[in-house]
Amino acid sequence: MSLVTGSTGGGTAVSKSRRADSAKLPAAGPPRRDRRRSLGRRNLHGWLFSTPFLVLFGVFMLFPIVATLWMSFTEFGVRNVRQPLSARFVGLDNYAKLFGDDTFRTALFNTAYFVIVGVPLTIALGLLVALLLNNGIDRARTFFRVGFYAPVVTSIVAVAVVWRFVLDPSDGLVAGLAAEAGTKAPDLLGSETWAMPSLILLAVWRNLGTVMVLFIAGLQAIPAEVREAARLDGAGGWQELRRITLPLLRPTMLYATVITTIGYLNVFEEPFVMTQGGPSDATLTVSLDMYRQGFNFFHMGYASAMAYVLFVVITGITALQLRLLKDNTR
């Protein structure tokens with residue numbers, strides 16, 4: 001009897017202990033179905049809030065990109081008055097015609113020349129100005145920063161007016177300096193040799209502010225402790241620049257190089273406003289040639305093929321530069 005009672009009492013004690021332990025455990029979360037429903041509701045809200053952007057992106061970005069790709073395989077353009085707009089599938093004929101087009105090869109060469117000369121010049125001057133404004137100039141630093149960045153946000157029409165006055169061989173600034181020196185000013189924009197360097201100088205002046213801002217941000221991100229440690233170890237100004245500043249600025253430098261290269265490969269405004277591609281196609285770029293073929297001669301399919309060739313070139317060069325960035329910042 002006592003044995004039975006003891007066993008019963010022990011079972012009661014164990015059951016009470018289990019109930020106490022279960023009371024201490026946290027309550028179970030909502031069922032999996034409810035969690036899925038809550039997650040789906042949040043996703044639906046996110047898609048609803050994103051719908052205005054997705055619609056605008058699809059209409060004004062995605063659709064033109066796909067339509068341009070399709071047009072590059074067609075003879076799309078204006079044929080005659082009775083049939084103002086027509087498209088005929090021609091396969092790869094537009095691309096084959098491109099590489100046999102002397103004008104396109106000239107535009108490709110001019111664009112490469114613009115990039116090869118303009119990008120290093122822009123990067124070097126932007127770095128120099130950033131170093132001076134970050135360390136060398138204490139007074140009126142904000143004034144100089146605004147002054148260097150102002151051309152970036154200035155209309156190309158206003159820029160063209162200023163630079164036409166500067167380069168005018170009869171009444172411009174260059175003419176005045178030449179007269180002071182007792183010589184005649186050259187017609188820089190009318191010269192096949194000097195027209196492109198003049199446009200490169202204009203582009204460097206316009207884009208210097210963007211590169212300067214990037215480098216200033218990179219310089220300010222370098223820890224002051226690193227510089228102080230280098231100075232305590234006896235590093236001079238040149239050694240600090242070469243061993244500390246430039247290596248730590250490498251990601252910023254390559255990012256600035258990437259965006260500047262992409263912008264110069266797409267250069268259009270400067271030759272369009274200043275020289276219209278002349279003289280004798282000396283300043284004709286790929287973007288300007290594309291504009292001419294599409295909107296002057298209405299060869300939309302041919303211009304679309306140009307656009308995709310330029311797209312492939314930009315993608316390849318950008319991928320190469322990003323690979324360099326990845327390899328050099330491990």
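Six or more apart or on different chains, Cβ atoms under 8 Å: show the pairs whose first residue is in region 175-192 and at negative phi and whose second is loosely packed, with under 15 Cβ neighbours inside 10 Å and of a type in the set (G, A, S).
The qualifying pairs are A185/S170; A185/A179; E192/S280.
Only one of these is in contact with a Ser or Thr (Cβ under 9 Å, 6 or more places away or on another chain), assigned to a helix (DSSP H, G or I), surrounded by fewer than 20 Cβ atoms within 10 Å (Cβ to Cβ) and of a type in the set (A, V, I, L, M, F, W, C): I314, I244. Name it.
Working: I244 fails: in contact with a Ser or Thr (Cβ under 9 Å, 6 or more places away or on another chain).
The match here is I314.
Looking at A160 and the list (1) over 25 Å from L284 (Cα atoms); (2) in a helix (DSSP H, G or I), which single condition is not satisfied?
(1)
Condition first: among the small types (G, A, S), out of contact with any Pro (no Cβ under 6 Å at 6 or more places or on another chain) and buried (at least 16 other Cβ atoms within 10 Å of the Cβ). Now tell me which residues in region 172-193 satisfy that.
If the condition is that a residue be among the small types (G, A, S), out of contact with any Pro (no Cβ under 6 Å at 6 or more places or on another chain) and buried (at least 16 other Cβ atoms within 10 Å of the Cβ), then G172 is the only one that fits.
Here is a list of conditions, (1) loosely packed, with under 13 Cβ neighbours inside 10 Å; (2) part of a helix (DSSP H, G or I), and V166 meets all of them except one; can you say which number that is?
(1)
Which of the residues belonging to region 256-279 are within 13 Å of L127 (Cα to Cα) and surrounded by fewer than 21 Cβ atoms within 10 Å (Cβ to Cβ)?
Residue satisfying the conditions is T257 alone.
Determine whether T193 is modelled with pLDDT of 90 or more, under 30 Å from L248 (Cα atoms) and hydroxyl-bearing (S, T, Y).
On the way: modelled with pLDDT of 90 or more: yes; under 30 Å from L248 (Cα atoms): no; hydroxyl-bearing (S, T, Y): yes.
When the stated conditions are applied, T193 does not pass them.
What's the total number of residues in region 236-293 that are closer than 30 Å to L131 by Cα and not hydrophobic (A, V, I, L, M, F, W, C)?
20
Considering only residues of region 178-193 that are of a type in the set (A, V, I, L, M, F, W, C) and part of a loop (DSSP other than H, G, I, E, B), which is farthest from T283 (Cα to Cα)?
First, pick out the residues of region 178-193 that are of a type in the set (A, V, I, L, M, F, W, C): 178-179, 181, 185, 188-189.
With the extra rule that they be part of a loop (DSSP other than H, G, I, E, B), the set shrinks to 181, 185, 188-189.
Numbers: A181: 29, A185: 20, L188: 12, L189: 9 Å.
The selected residue is A181.
Take region 194-221 and flag every residue that is exposed (fewer than 15 other Cβ atoms within 10 Å of the Cβ) and part of a helix (DSSP H, G or I). So that I can check it myself, show each step before the final result.
If we filter region 194-221 for residues that are exposed (fewer than 15 other Cβ atoms within 10 Å of the Cβ), which is where we start, we get 217, 220-221.
Matches in region 194-221: A217, Q220.
Looking only at region 133-164, how many residues end up being of a type in the set (V, I, T) and farther than 30 Å from L189 by Cβ? If you could, list the steps in order and put the result at the bottom.
Filtering region 133-164 for residues of a type in the set (V, I, T) gives 137, 142, 146, 152-154, 156-157, 159, 161-162.
Now narrow it down to the ones that are farther than 30 Å from L189 by Cβ: 137, 142.
Qualifying residue count for the region: 2.
Here is a yes/no grid of residues against (1) on the phi > 0 side of the Ramachandran plot; (2) at pLDDT 90 or above; (3) surrounded by 10 or more Cβ atoms within 10 Å (Cβ to Cβ):
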| position | (1), (2), (3) |
| --- | --- |
| S22 | no, no, no |
| L25 | no, no, no |
| R33 | no, no, no |
| S38 | no, no, yes |
| P52 | no, yes, no |
| F89 | no, no, yes |
| T111 | no, yes, yes |
| L127 | no, yes, yes |
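Would you be able to say whether some residue in region 275-286 is of a type outside the set (A, V, I, L, M) and part of a helix (DSSP H, G or I)? Walk me through it before giving the result.
Of the residues in region 275-286, the ones of a type outside the set (A, V, I, L, M) are 275-281, 283, 285.
Add one more test, that the residue is part of a helix (DSSP H, G or I), and what stays is none.
Taking every residue of region 275-286 in turn, none turns out to be of a type outside the set (A, V, I, L, M) and part of a helix (DSSP H, G or I).
Please enumerate the residues belonging to region 247-267 that are in a helix (DSSP H, G or I) and not aliphatic (A, V, I, L, M). Before the answer, list the steps.
Filtering region 247-267 down to residues in a helix (DSSP H, G or I) leaves 247-248, 250-265.
Listed by number, the residues that qualify are P247, R250, P251, T252, Y255, T257, T260, T261, G263, Y264.
Given the criterion without any contact (Cβ under 8 Å) to a residue 24 or more places away in the chain and crowded, with 17+ Cβ neighbours inside 10 Å, identify the matching residue among A303, A282, A224. Can you show your working first?
Values: A282 fails: without any contact (Cβ under 8 Å) to a residue 24 or more places away in the chain; A224 fails: crowded, with 17+ Cβ neighbours inside 10 Å.
Of A303, A282, A224, the one residue that is without any contact (Cβ under 8 Å) to a residue 24 or more places away in the chain and crowded, with 17+ Cβ neighbours inside 10 Å is A303.
The values are calculated or read from the model by the stated rules, or taken from the named source; none is laboratory data. Please read these numbers as outputs of a predicted model, since none were measured by experiment. Counting neighbours? That spans all protein chains shown, and the Cβs are built from the backbone with ideal geometry, glycine included.
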